[in-house]
Amino acid sequence: MNIKYNLYSRKFCALISFLLFVIFIAGCGAAKGGNVNQDIDTSTEVDSNYDILETIDGIINDQPTEQTEIDGTQECSPGQNRCGVDGIRETCSASGEWEDNPCSEEEACVGEGECLPIVCQRGEYRCNPEDLSQVQICDSTQTGWTLSVVCPTGTVCEDGVCVPMTCNPGDTICTGDGQIRTCLESGAGFGDPQNCDSGFVCDPSGTQCVPIICTPGSSICLDLTKKRICNIFGSGYETEDCPEGTSCSESSCLERICEPLSRECDPANPLAWRQCNATGTAWGTSTACPSGQGCSEGYCVAQICTPGSTTCAPGGLIRTCDDSGTFWGPATSCPSGQACDSGTCMPVICTPGNSSCLNQSTARVCNETGTGYIDEPCGSGYVCDTDRCKLQICIPGMTQCTGTTTRET
């Protein structure tokens, strides 16, 4: 019923419009001074409005358009979408009325009711990924980005802000822990630290990854006074002086205990010798001397005495043969009350040089050490008397007169 009514209304309106059009044309002709009854050339005007007339004719001849199929009370076409005033998507229902049909929480209504993903927050800034000289701002729909500002010369976008360029894109630096950082494409700073390839490390003394050539902390001797220590990154060596009194040997600074390549007699075996190593930090193995030789000042020489034997020195002192048999030790005193005699300390029994009679024909003299006597027979015509040999002037037992009353025996 509504559709038919709508159709008749449209026909009536079209007819009225046509009549008004004809009256308008006629009025224009009269205004030009022509006779209303004159032939009027209206071909131009009619041709120019041919489409309108054709449409009117279609309506008059019951040729309905698409809109004639829609109830005059409908607001929209069923299934049609739009964004409401509050930004909520609305969808036209089957009855031709708008109903809320919100997008998901992760989407926003854009354009003619299209739901697009929310990619940013209102007021948020970022750098244009394709042009780091531009700062972009999140658009009002939160579904895209628009240009906000172009950074001045010498600056670049970093985290949504124009900042001065601090490095040349592609330049590298080393971190304190052996990693490498590369200047960002924007030049606004360096990127996150990255590990070098296997077998390489970024030494802070340089700017590139270099080969690892040694074990960190290991060392080698450069010479007797210096050693080279592998740095903590394994990329090279650092030179270090050995402390005073030490020499570098076997990669370490060791105490110097002997003159390099000097020789000495083995303290544990006086019949052998040993040699100091080239660094002065250790003695070599012991080498025995040939038979009949002993070690003296690091060299094998002929023995002059039996090791440990003793001999007397002037003044009653005693000397002992060195353990090597190559020399006599220093003269030393015997214990108190003793003196050396025949290589042995003996008790002192007399005063050196004193004499006494062993019998009438022999005198004895205390030796120079006082440890014994030396017998000295009296010669012919001498006799030991009291403490020494004396000239014999009489025969024992003989008598003679010394006067009229005295006799000597």
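Values quoted throughout were computed directly from the atomic coordinates according to the rules given, and no laboratory measurement underlies them. For clarity, every value in this text was computed on a predicted model and none was experimentally measured. For neighbour counting, all protein chains shown are included, and Cβ atoms are generated from backbone atoms with ideal geometry for every residue, glycine included.
Could you give the length gained on full extension between Ile374 and Ala282, defined as 0.36 nm per residue of separation minus the Cα-Cα distance, in nm? If you can, show how the numbers build up before the last one.
On the way: separation 92, 0.36 × 92 = 33.12 nm, distance 5.69 nm.
Between Ile374 and Ala282, full extension yields 27.4 nm more.
Looking at segment 263-302, I'd like the Rg to Rh ratio, where Rg is from alpha-carbon atoms and Rh is Kirkwood's inverse mean 1/r. Walk me through the numbers before you get to the answer.
Working: Rg = 9.9 Å, Rh = 10.0 Å.
Radius of gyration over Kirkwood radius for segment 263-302 works out to 1.00.
Looking at segment 125-189, what % of the alpha carbon pairs are farther apart than 18 Å? Could the numbers behind the result be given before it?
On the way: 896 of 2080 pairs.
Of all Cα-Cα pairs in segment 125-189, 43 percent lie more than 18 Å apart.
Between the C-alpha center of segment 113-129 and that of segment 283-306 there is a gap of 98 Å. Start at zero, step by 5 Å, and the Cα-Cα distances of segment 227-384 spread as 2, 9, 10, 10, 8, 9, 8, 8, 7, 6, 5, 4, 3, 3, 3, 2, 1, 1, 1, 1, 0, 0 percent across the bins.
Could you line up Trp273, Trp283 from fewest to most neighbouring Cβ atoms inside 10 Å?
On the way: Trp273 23, Trp283 17.
By the 10 Å Cβ count, ascending, the order reads Trp283, Trp273.
For segment 227-316, would you read off the P(r) tail past 20 Å as a percentage of all alpha carbon pairs? The answer is 56 percent, as a whole percent.
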